[in-house]
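What follows is calculated from the coordinates using simple rules that are stated; it is not laboratory data. What you are looking at is a predicted structure, and each value in this text was computed from that prediction instead of being measured. Cβ coordinates were reconstructed from backbone atoms using ideal geometry, including for glycine residues, and neighbour counts include every protein chain displayed.
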Amino acid sequence: MSEKPWGGRFESPTNEFVEAFNASIDVDARMYAEDINGSKAHAKMLTAQGILSQEDCNAIMRGLDEILGEIESGEFEFTIALEDVHMNIEARLTEKIGDAGKRLHTARSRNDQVATDTRLYLRHRSSRIIGHLRHLQRVLVELAETHADTIMPGFTHLQTAQPVTFGHHLLAYVEMFNRDIGRFKDAADRMNQCPLGSAALAGTTFPIDRHMTAATLGFDAPTANSLDAVSDRDFIMELLAAASITAVHLSRFSEELILWMSAQFRFVDLPDAFCTGSSIMPQKKNPDMPELVRGKTGRIIGGLVAILTTVKSLPLAYNKDMQEDKTAIFDAFDNLEGSLRVFGDMLPGMKVNKSVMHEAAASGFATATDLADALVRAGVPFRNAHEIVGKSVAHCIKEGIELHEMDAATCVNIDERLSVDMVRTLSVENCVAARDHIGGTAPNQVRLQVAAWKEELKS
Ligand code: ARG
């Protein structure tokens, strides 16, 4: 059974279905470049340490370069009989260069190999996700600048609360995405240690130079414990947690866009290119993209739960269960990247219905807190002020008017401390402009924040 690299001690062939079931090539083939780079670094190190001859090393380099070309041009045939990307590439190398190919696996195991490849691959993918998040931040900052003084109702409990500026609302997401970037960076920094040299679990009897391989592959250092290095999947958990939180942010944003695009809100209209229609109802324009992004969040969170559950009862060191790690994170990263891309492309084309937003903010008594604040400024304790404005609102609801429409007699009637001057100055413009402090919703503050973000996002 020696066509398998591990076939020596086996007497009968692998069950045919098991062969397919056991294979991970469909999932891990995408790590081919990392696998090849890892092998090159390993071979160079073995050569520098006198474990491999220069001649063998040259053949390995040449063979691996050819294989890279074959894979990238689509000529390479991956086979499930060789399980995974590691054995597929190694077998092809041996086919090409003979014994030198068979020497490559000296002082190495697929266990440290897969741990290394996965870290390298995810390092690259994380930086791409960070790039998408940065782009989305830039898009949002642009929009926030345009809408620094566009007024909309702010909500709590999805009930009209106080007027806010749309720019301020958008910048809230810029803050969230910034924390998301921080989480990806933290996780990527923490995982940037090289498992190569840990071999199967205990290290190797050869005089390897782990600093050399670590440095060649751009890691900060070699991992410090071989057992930990081959069984650690914390980095996948952390990245999936970061991905899940980012997806949750996108999902909240999606939910808002979906609501805002409904006939009941009409705050925004998403570009046709990002919506679809109905096969039966001719009038429909559906916000499919935010809906789908909201939906993707479920499966991304599913990936986090999957990796946590898979690893939770695993004894040290490597167990085959771990092969499932890549399915979860690759799916999550692909879908998160797609979601970020859609948002970055869709938002610049969003139409904002300023007058509808303004009208919504100006109704629903969004200025009530400001009237209470005016009473407080006149010496009324806040709790009494709250009560007086509450009565005013009840009166207005009964009369079908807004607070600023109450006349002098009505005011005095509700409470002698309530003056018509306080009531007349109530406007959504005054409400937002008055919240002019760090973190407040005033147009001034939005402009300051926009300027600060532009500076931050320059590079
Ligand atoms: N395909 C395997 C994985 O993804 C690689 C490591 C296999 N190691 C082993 N001892 N079977 O986990």
Output ³J(HN,Hα) for the range 290-305: one whole-Hz value per residue in order, computed from phi by the Karplus curve 6.51 cos²θ - 1.76 cosθ + 1.60 with θ = phi - 60°, and x for Gly and Pro.
x, 5, 5, 4, 4, x, 4, 4, x, 6, 5, 4, x, x, 5, 5
Whole-Hz Karplus ³J(HN,Hα) for the range 156-167, in order, using 6.51 cos²θ - 1.76 cosθ + 1.60 and θ = phi - 60°, x for Gly and Pro?
10, 6, 6, 10, 3, 10, 9, x, 9, 8, 5, x
Nearby aspartates and glutamates by direct alpha-carbon distance to K185 (threshold 13 angstrom, same-chain neighbours under 8 apart not counted):
E238
Show me, bin by bin at 10 Å from 0, the whole-percent P(r) of the chain based on Cα pairs.
4, 16, 21, 18, 14, 11, 8, 5, 3, 1, 0
Hand me the chymotrypsin sites (Phe, Trp or Tyr not before Pro) from the range 1-104 located in a DSSP loop with no more than 13 other Cβ atoms within 10 Å, in residue order please.
W6, F10
Members of K296/K458; K285/K351; K4/K96 lying beyond 25 Å, as alpha-carbon distances in this model show:
K296/K458
Dipole moment magnitude, nearest 20 debye, the range 229-382 about Cα centre, only Lys, Arg, Asp, Glu C-beta charged
280 debye
Ranking N37, H105, S53 by how far each Cα lies towards the positive end of the charge dipole of the range 7-106 (+1 on Lys and Arg Cβ, -1 on Asp and Glu Cβ), the top one is S53
Convex hull (Cα only) mean projected area of the range 7-106, reported in nm² to one decimal:
6.8 nm²
Please compute the contact order of the range 7-106 in relative form: average sequence separation of alpha-carbon pairs under 8 Å and at least six residues apart, divided by the residue count, as a percent.
37 percent
Considering Cα pairs under 8 angstrom that are at least six residues apart, work out the relative contact order of the chain and quote it in whole percent.
16 percent
Between the Cα axis of helix 85-97 and the main Cα principal axis of the chain, the angle (0 to 90°, nearest 10) is 40 degrees
Of 327-336, 110-119, 51-60, 372-381, ordering from highest average Cβ density within 10 Å down gives 110-119, 327-336, 51-60, 372-381
Once you put a point 7 Å from the Cα of S278 and another 7 Å from the Cα of D26, both along the Cβ direction, what distance in nm separates them?
3.6 nm
If I take every Cα pair under 8 Å that is 6 or more residues apart in the range 362-456, average their sequence separation and divide by the length, what percent do I get for the relative contact order?
25 percent
What is the distance in Å between the Cα centroid of the range 193-272 and that of the range 281-350?
13 Å
Based only on other Cβ atoms within 10 Å, what is the fewest-to-most ordering of T310, T14, T205, T367?
T205, T14, T310, T367
In degrees rounded to 10, the 0-90 angle between helix 368-377 Cα long axis and the longest Cα principal axis of the chain is 70 degrees
Most packed first (mean Cβ within 10 Å per residue), the peptides 160-169, 87-96 order as 160-169, 87-96
Calculated from DSSP helices alone, with each H run of at least 4 adding -39500 (n - 2.57) and the total divided by the residues of the chain, [θ]222 nm to the nearest 500 comes to -20000 deg cm²/dmol
Paramagnetic reach from V356 (point 7 Å along Cα→Cβ, amide N under 12 Å) across the range 428-455:
none
Taking H placed 1.01 Å from N in the peptide plane, check which residues at least 5 places from V164 or on another chain put their amide H under 5 Å from its amide H.
M152, G154
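Dipole of the chain, Cα-centred, from +1 at each Lys and Arg C-beta and -1 at each Asp and Glu C-beta, to the nearest 20 debye?
Approximately 600 debye in magnitude.
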